[in-house]
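Peer 1: One structure follows; several queries about it will come next.
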Amino acid sequence: MRLLHTIILIILILIGILVGVSFIFADLFWFNAVGYADIYVTIVLTSIGLGALFAVMFFFFALLNIKIAKRFSISKSDRKSANEKPFIILAFIFAIFIGMAFTNWEVLLRALNPSVFGVIDPVFGLDIGFYVFSLPFYQLLFSYIISVLVLTMLLSFFFHLTHSDLFKKPKIDDIETEEGVEVRAFLDFSKIKKSITPHMSILLALIFFVASFGFHIAQYNLLFDQSGVFFGAGFTDLNVTLLFLNVGFFVSIAVGILFILNLWIKKWKLPFEGVAILAIIMFIGVLVAGVVQIFQVGPDEYNIQKPYIEFNIGSTIAAYGLDNIENKMFPVLYNLTVDDLNQNSETINNIRLWDWRPLRDTYTQLQLFRTYYDFVDVDIDRYQLNGEYKEVMVSPRELDINDLSSTARTWVNEHLVYTHGYGVVMNPVDKVSQEGIPEFYIKDIPPKSDYDSLDIDRPEIYYGEKTSQYVITKTTTEEFDYPSGDQNIYTSYNGTGGVPIGDLFSRLVYAIRFGSIELFFSGSMTPQSSILLHRNVGERVSTIAPFLHYDSDPYIVLSDGRLYWIIDAYTVTDMYPYSEPVYSQNLGYFNYMRNPVKVVVDAYNGDVTFYVIDNSEPLIQTYSRIFPDMFRDISEMPAGIREHIRYPEDIFTVQAALYSVYHMQNPQVFYNKEDVWDIPNEVYMGNMQSMIPYYVIMKLTESEIEDFMLMIPFKPSGTDKQNMIGWMSANCDADNYGKITVYQFSKQELVYGPMQIESRIDQDTEISQLITLWSQSGSSVIRGNTLVIPIKNSILYIEPLYLQATQEGSLPQLKRVIVAYDDRLSMQNTLGEALAEVFGGEVTPPGPGTGHDTAEQILAQVSQLYEQAQTALHSGDFAAYAQYIEQIGALLEEYA
């Protein structure tokens, strides 16, 4: 029976090894196929090497100490009979856990390849790179050495305890219990002390010497303190806690020396008194810090903490790239005319009437064709079409095998037949048919378009956002391509993607990897067969480069007849001193963020390319040294794809949220939170929700042409304040890519916020009656995004209304467009009709002319700007006064 158990155990171990090896080979084959094997090898070898090094070092150190304990504890004649194997086995087990716990390849390689930020921290005068690259390694090293010493000390102590000659036979009549039972042994603690003193003294001395190093690096962690009204070290931290940490540093060294001296004095009292003194000092430090904070800092917090608040403001602004934001005053002049609208026709003709949420439902009803297709998301982009710059909405038609009927959910169908989605649907943001549905630029299967530049030569989507399962191509089983009427069209993959599995070994590897007998025994395989893995584009890029973080919204683009995914990659860290931390469900916890990389994934072949758009970013410089063949310069990106890069939403959302607080760079204003901004709310489907950033084509006041922008409005903080106080925009076009501008309105003027526009809509009798009537007739009214559109020095508000029947599978239709401007409000069938109603004239494309304001219009603007400048001057707002005067100068220069 014992032999049978041994055989079963050996078989199980061999199976475990086989599975582990197959997983390694499966990953290696895949990384090699996608061209990034060097990344995999570097990460795996560094992780294994670091873990193995730490494990071996611990094991031999522990083994040495067990031998030392054996020497001190057991007489020379009894050493051969001593059983030390249990302790060696324990040391081996501990070594395995130590090796598994300390495999952080990234900390090691970043420490070996540091970059310079060119910014020093305001307390210790060290470059930020020290905190990002070096300090984490010192912390890792400290944790490892302390763990090694403590575990080794425990092993050694128990070896001493169990192997010392601790028992002696006393006189029988010396010790008796009350019941008369003889006790024949008792512990002789003098022998324990004699055997354990030298060994434990050395180990404890080492522990306290290393603890002094811990006190030293702990001072740097003060710059990440979160206990105050701001993030970072404050007065108490730097004047009390830092002092006691430095005292702790020297006292720890002194205690270590006392343990060394104990080798000769052999009295534990003195070193343990040193330990007690260290503990008392640390306890006093905590008490003193609390007293200082409550009785000295608390009553005069702002004045005492002012320099540290300034550190927090400056560091946060630098860490999130807010120092590059350009601030401008935006004087709102309600003098917009029909001529102005016609001169800004590219902005008007790109006002987005389609909210992506009802549009996705519309796509589903009009362009799905089969239940196993799905439109996961609707992306916003722009294309040059016949010389016109058009904002469009586009969505890939992906295949979702979960929507196949239960009888069709066979292994062959899921992995050999239904392998890919097909084509995209695209519509301009402003075009609506008479039936209230979008006019399509690309539609149907196979894809059709009236524009040659939108023809798709390779519409198959093997890699997307919905593609989670593996598929096998180039088999004898034909792949479903697309439906054509009542028939299906079949095809065979002709791309370069995938891992070859024509040989038995590769098939065995992946059969074990996925636990699939069919994969190994399928008769459909050919020598050319390939398995396509990690087909979800987000998972694909994060598997290749797990050290980068990725935007939550990959978007698809059409270039030269092929479909590509663009994914924005971020570098983040939580080790930027004094910078306010942010938590994102997608990105985790961080207090530094940049977007230096654009990732492009071929939707057909799965090729992944990492393009660096910001070579000056320190983290990407470090990763470029660690993985020298991974990144390409943005100049190598094909021009057709580069036209579609855009400023990503995730980092813009973070920057907008932080800037709503950190625009207050005056420390007293910041401390009192006098001018905090918020992101406005809007109404969607009858519910109030926070606005999200939106893309828009518009021309800024100082620009000659329209640009593709990402923008978000701001309002004052508080539920009772709904007026708009400004807005932030980020340029997405190549010439000014990444340029962020914040336009502020004068505090002396009322500019309607989105919720105030919503309230005006609700209070409009005609509009509210129509909405009520529609809602009572078996339909639901969907109020789309409230768009804030700056045109010249005016603000235009647009809100579309959709009508959708309440039954399942109904088609949302755009029925009305609401336009608000100044105190005017109109709801009409089309945007053109609503604009004509508000402005009293037909909005048409501009004809020949200069495109400039008339002299009267310029002088009127100058007059109003001058009045606003004087108001700002009298109120003491000199920054606003200077900007108004600057804008007057620009207008006069244009007039000249």
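The values are calculated or read from the model by the stated rules, or taken from the named source; none is laboratory data. All of these numbers come straight from a predicted model, not from anything done at the bench. Backbone-built Cβ (ideal geometry, glycine too); neighbour counts: all protein chains shown. Protein only, heavy atoms only, side chains kept; ligands, DNA and RNA dropped before computing areas. Shrake-Rupley method; radii C 1.70, N 1.55, O 1.52, S 1.80 Å.
Peer 1: Working only within region 493-513, note down all residues that are within 30 Å of residue 447 (Cβ to Cβ) and open to solvent by 70 Å² or more (accessible area, probe 1.4 Å). Don't jump to the end; show me each part of the working.
Peer 2: Kept after step one, since they are within 30 Å of residue 447 (Cβ to Cβ), are these residues of region 493-513: 493-499.
Of everything in region 493-513, those that are within 30 Å of residue 447 (Cβ to Cβ) and open to solvent by 70 Å² or more (accessible area, probe 1.4 Å) turn out to be 494, 496.
Peer 1: Take the residues in region 562-592 that are over 22 Å from residue 225 (Cα atoms) and at pLDDT below 95; name whichever of them is most open to solvent (accessible area, probe 1.4 Å). Outline the logic, then answer.
Peer 2: The initial filter retains those residues of region 562-592 that are over 22 Å from residue 225 (Cα atoms), namely 562-571, 585-586.
Within this subset, residues satisfying the condition of being at pLDDT below 95 are 585-586.
Working: 585: 176, 586: 75 Å².
Within region 562-592, the match that is most open to solvent (accessible area, probe 1.4 Å) is 585.
Peer 1: Related question: Pull up region 716-730, narrow it to residues that are open to solvent by less than 10 Å² (accessible area, probe 1.4 Å) and either within 16 Å of residue 682 (Cβ to Cβ) or touching a residue at least 60 places away in the same chain (Cβ under 8 Å) (or both), then point me to the one that is farthest from the chain's Cα centre (by Cα). Full working, then the answer.
Peer 2: Initially, region 716-730 is screened for residues open to solvent by less than 10 Å² (accessible area, probe 1.4 Å), giving 724, 726-730.
When the remaining residues are screened for being either within 16 Å of residue 682 (Cβ to Cβ) or touching a residue at least 60 places away in the same chain (Cβ under 8 Å) (or both), the result is 724, 726-728, 730.
On the way: 724: 29, 726: 26, 727: 24, 728: 21, 730: 19 Å.
Among them, the one singled out is 724.
Peer 1: Still on this structure: Where the second residue is open to solvent by 30 Å² or more (accessible area, probe 1.4 Å) and the first is over 10 Å from residue 50 (Cα atoms) and lies in region 95-108, which pairs have Cβ atoms under 7 Å and are six or more apart or on separate chains?
Peer 2: Final answer for the pair search is 95/59; 98/147; 107/137.
Peer 1: Can you tell which of 229, 251 is of a type in the set (Val, Ile, Thr) and at pLDDT below 95?
Peer 2: On the way: 251 fails: at pLDDT below 95.
That would be 229, the only listed residue that is of a type in the set (Val, Ile, Thr) and at pLDDT below 95.
Peer 1: Quick one: in region 379-422, of everything that is more than 18 Å from residue 490 (Cα to Cα) and among the small types (Gly, Ala, Ser), which residue is surrounded by the most Cβ atoms within 10 Å (Cβ to Cβ)?
Peer 2: 395
Peer 1: Moving on. Could you list, in sequence order, all residues of region 371-388 that are within 19 Å of residue 696 (Cβ to Cβ) and at pLDDT below 95?
Peer 2: Within region 371-388, the first condition is being within 19 Å of residue 696 (Cβ to Cβ), and the residues that meet it are 377-385, 388.
If the condition is that a residue be within 19 Å of residue 696 (Cβ to Cβ) and at pLDDT below 95, then 377, 384, 385, 388 are the ones that fit.
Peer 1: Next question, about the same structure. Answer yes if at least one residue in region 540-549 is β-branched (Val, Ile, Thr), closer than 30 Å to residue 511 by Cα, in contact (Cβ under 8 Å) with a residue 60 or more places away in the chain and assigned to a strand (DSSP E or B), and no otherwise.
Peer 2: The answer is no; no qualifying residue exists.
Peer 1: On to the next question. Of these, 524, 492, which one is touching a residue at least 40 places away in the same chain (Cβ under 8 Å) and farther than 30 Å from residue 551 by Cα? Walk me through it before giving the result.
Peer 2: Values: 492 fails: touching a residue at least 40 places away in the same chain (Cβ under 8 Å).
Checking each option against the conditions leaves just 524.
Peer 1: Suppose we keep only residues that are part of a helix (DSSP H, G or I) and of a type in the set (Phe, Trp, Tyr) within region 196-235. Which one would you say is surrounded by the most Cβ atoms within 10 Å (Cβ to Cβ)? Steps first, answer last, please.
Peer 2: Here is the first cut: in region 196-235, the ones part of a helix (DSSP H, G or I) are 196-224, 235.
Remaining after also requiring of a type in the set (Phe, Trp, Tyr): 208-209, 213, 215, 220, 224, 235.
Details: 208: 24, 209: 18, 213: 17, 215: 20, 220: 22, 224: 19, 235: 20.
Looking at the filtered set, the residue picked out is 208.
Peer 1: Let me ask you something else. Out of all the residues in region 348-378, which are open to solvent by less than 10 Å² (accessible area, probe 1.4 Å) and farther than 25 Å from residue 830 by Cβ?
Peer 2: Within region 348-378, 373, 375 meet the criteria.
Peer 1: Given the residues 804, 868, 776, 861, which is the only one that is surrounded by 17 or more Cβ atoms within 10 Å (Cβ to Cβ) and modelled with pLDDT of 75 or more?
Peer 2: Working: 868 fails: modelled with pLDDT of 75 or more; 776 fails: surrounded by 17 or more Cβ atoms within 10 Å (Cβ to Cβ); 861 fails: modelled with pLDDT of 75 or more.
Going through 804, 868, 776, 861 in turn, just one is surrounded by 17 or more Cβ atoms within 10 Å (Cβ to Cβ) and modelled with pLDDT of 75 or more: 804.
Peer 1: Since residue 670 meets every condition but one in (1) aromatic (Phe, Trp, Tyr); (2) outside any strand (DSSP E or B); (3) in contact with a Phe, Trp or Tyr (Cβ under 6 Å, 6 or more places away or on another chain), which condition does it not meet?
Peer 2: (3)
Peer 1: Failed condition for residue 463, given (1) within 17 Å of residue 566 (Cβ to Cβ); (2) in contact with a Leu (Cβ under 6 Å, 6 or more places away or on another chain), with all others met?
Peer 2: Unmet condition: (2).
Peer 1: Quickly run through region 396-422 and pick out the residues that are assigned to a helix (DSSP H, G or I), among the hydrophobic types (A, V, I, L, M, F, W, C) and within 17 Å of residue 462 (Cα to Cα).
Peer 2: Of everything in region 396-422, those that are assigned to a helix (DSSP H, G or I), among the hydrophobic types (A, V, I, L, M, F, W, C) and within 17 Å of residue 462 (Cα to Cα) turn out to be 401, 412, 416, 417.
Peer 1: Out of everything in region 629-652 that is hydrophobic (A, V, I, L, M, F, W, C) and touching a residue at least 60 places away in the same chain (Cβ under 8 Å), what residue ends up being nearest to residue 32 (Cα to Cα)? Write out each step before concluding.
Peer 2: Our first condition is that a residue be hydrophobic (A, V, I, L, M, F, W, C); within region 629-652, this holds for 630-631, 634, 637, 639, 641, 645, 651-652.
Those still in the list that are touching a residue at least 60 places away in the same chain (Cβ under 8 Å) too: 630, 641, 645, 651-652.
Numbers: 630: 13, 641: 25, 645: 28, 651: 32, 652: 35 Å.
It comes out as 630.
Peer 1: Failed condition for residue 634, given (1) touching a strand residue (DSSP E or B) at 6+ places or on another chain (Cβ under 6 Å); (2) at pLDDT 95 or above; (3) surrounded by fewer than 17 Cβ atoms within 10 Å (Cβ to Cβ), with all others met?
Peer 2: Unmet for residue 634, out of (1) touching a strand residue (DSSP E or B) at 6+ places or on another chain (Cβ under 6 Å); (2) at pLDDT 95 or above; (3) surrounded by fewer than 17 Cβ atoms within 10 Å (Cβ to Cβ): (3).
Peer 1: Same structure, new question: Of the residues in region 452-489, how many are assigned to a loop (DSSP other than H, G, I, E, B), hydroxyl-bearing (Ser, Thr, Tyr) and either under 34 Å from the mean Cα position of the chain (by Cα) or surrounded by 14 or more Cβ atoms within 10 Å (Cβ to Cβ) (or both)?
Peer 2: Taking region 452-489 first, the residues assigned to a loop (DSSP other than H, G, I, E, B) are 455-457, 459, 462-463, 465-470, 474-478, 485-486.
Those still in the list that are hydroxyl-bearing (Ser, Thr, Tyr) too: 462-463, 467-468, 470, 475-477.
Those still in the list that are either under 34 Å from the mean Cα position of the chain (by Cα) or surrounded by 14 or more Cβ atoms within 10 Å (Cβ to Cβ) (or both) too: 462-463, 467-468, 470, 475, 477.
The number of residues fulfilling the criteria is 7.
Table: residues versus (1) β-branched (Val, Ile, Thr); (2) out of contact with any Phe, Trp or Tyr (no Cβ under 6 Å at 6 or more places or on another chain); (3) open to solvent by less than 50 Å² (accessible area, probe 1.4 Å); (4) assigned to a helix (DSSP H, G or I).
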{"site": "117", "(1), (2), (3), (4)": "no, yes, yes, no"}
{"site": "150", "(1), (2), (3), (4)": "yes, yes, no, yes"}
{"site": "153", "(1), (2), (3), (4)": "no, yes, yes, yes"}
{"site": "157", "(1), (2), (3), (4)": "no, yes, no, yes"}
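Peer 1: Residues of region 609-618 being of a type in the set (A, V, I, L, M) and open to solvent by 10 Å² or more (accessible area, probe 1.4 Å), which ones?
Peer 2: First, pick out the residues of region 609-618 that are of a type in the set (A, V, I, L, M): 612-613.
Answer for region 609-618, where residues must be of a type in the set (A, V, I, L, M) and open to solvent by 10 Å² or more (accessible area, probe 1.4 Å): just 613.
Peer 1: In region 275-288, is there at least one residue being modelled with pLDDT of 95 or more, touching a Phe, Trp or Tyr at 6+ places or on another chain (Cβ under 7 Å), of a type in the set (A, V, I, L, M) and outside any helix (DSSP H, G or I)?
Peer 2: Taking every residue of region 275-288 in turn, none turns out to be modelled with pLDDT of 95 or more, touching a Phe, Trp or Tyr at 6+ places or on another chain (Cβ under 7 Å), of a type in the set (A, V, I, L, M) and outside any helix (DSSP H, G or I).
Peer 1: Now for a separate question. Considering only residues that are open to solvent by less than 10 Å² (accessible area, probe 1.4 Å) and closer than 16 Å to residue 346 by Cβ, which ones fall in region 788-797?
Peer 2: Listed by number, the residues that qualify are 789, 790, 791, 796.
Condition check ((1) farther than 23 Å from residue 148 by Cβ; (2) in contact (Cβ under 8 Å) with a residue 24 or more places away in the chain) across all residues:
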site: 218; (1), (2): no, yes
site: 231; (1), (2): yes, yes
site: 256; (1), (2): no, yes
site: 265; (1), (2): yes, no
site: 270; (1), (2): yes, no
site: 281; (1), (2): yes, yes
site: 291; (1), (2): yes, no
site: 309; (1), (2): yes, yes
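Peer 1: Given (1) assigned to a helix (DSSP H, G or I); (2) touching an Asp or Glu at 6+ places or on another chain (Cβ under 6 Å); (3) crowded, with 21+ Cβ neighbours inside 10 Å, where does residue 650 come up short, assuming only one miss?
Peer 2: Result: residue 650 fails condition (3) only.
Peer 1: Here is a further query. Quick one: is residue 434 over 25 Å from residue 606 (Cβ atoms), open to solvent by 10 Å² or more (accessible area, probe 1.4 Å), assigned to a loop (DSSP other than H, G, I, E, B) and not small (Gly, Ala, Ser)?
Peer 2: Working: over 25 Å from residue 606 (Cβ atoms): yes; open to solvent by 10 Å² or more (accessible area, probe 1.4 Å): yes; assigned to a loop (DSSP other than H, G, I, E, B): yes; not small (Gly, Ala, Ser): yes.
Yes.
Peer 1: So how many residues does region 659-674 have that are in contact with a strand residue (DSSP E or B) (Cβ under 8 Å, 6 or more places away or on another chain) and either closer than 19 Å to residue 731 by Cβ or not aliphatic (A, V, I, L, M) (or both)?
Peer 2: Residues of region 659-674 in contact with a strand residue (DSSP E or B) (Cβ under 8 Å, 6 or more places away or on another chain): 659-661, 663.
If we keep only those that are either closer than 19 Å to residue 731 by Cβ or not aliphatic (A, V, I, L, M) (or both) as well, we get 659-660, 663.
Number satisfying all stated conditions: 3.
Peer 1: From the list 39, 8, exactly one residue is exposed (fewer than 13 other Cβ atoms within 10 Å of the Cβ), in a helix (DSSP H, G or I) and either of a type in the set (Val, Ile, Thr) or over 44 Å from the mean Cα position of the chain (by Cα) (or both). Which is it?
Peer 2: Working: 39 fails: exposed (fewer than 13 other Cβ atoms within 10 Å of the Cβ).
Answer to the selection: 8.
Peer 1: Only one of (1) buried (at least 18 other Cβ atoms within 10 Å of the Cβ); (2) among the hydrophobic types (A, V, I, L, M, F, W, C); (3) free of Cβ contacts under 8 Å to residues at least 60 places away in the same chain; (4) under 30 Å from residue 162 (Cα atoms) is not met by residue 89, so which one is it?
Peer 2: Exception for residue 89: condition (1).
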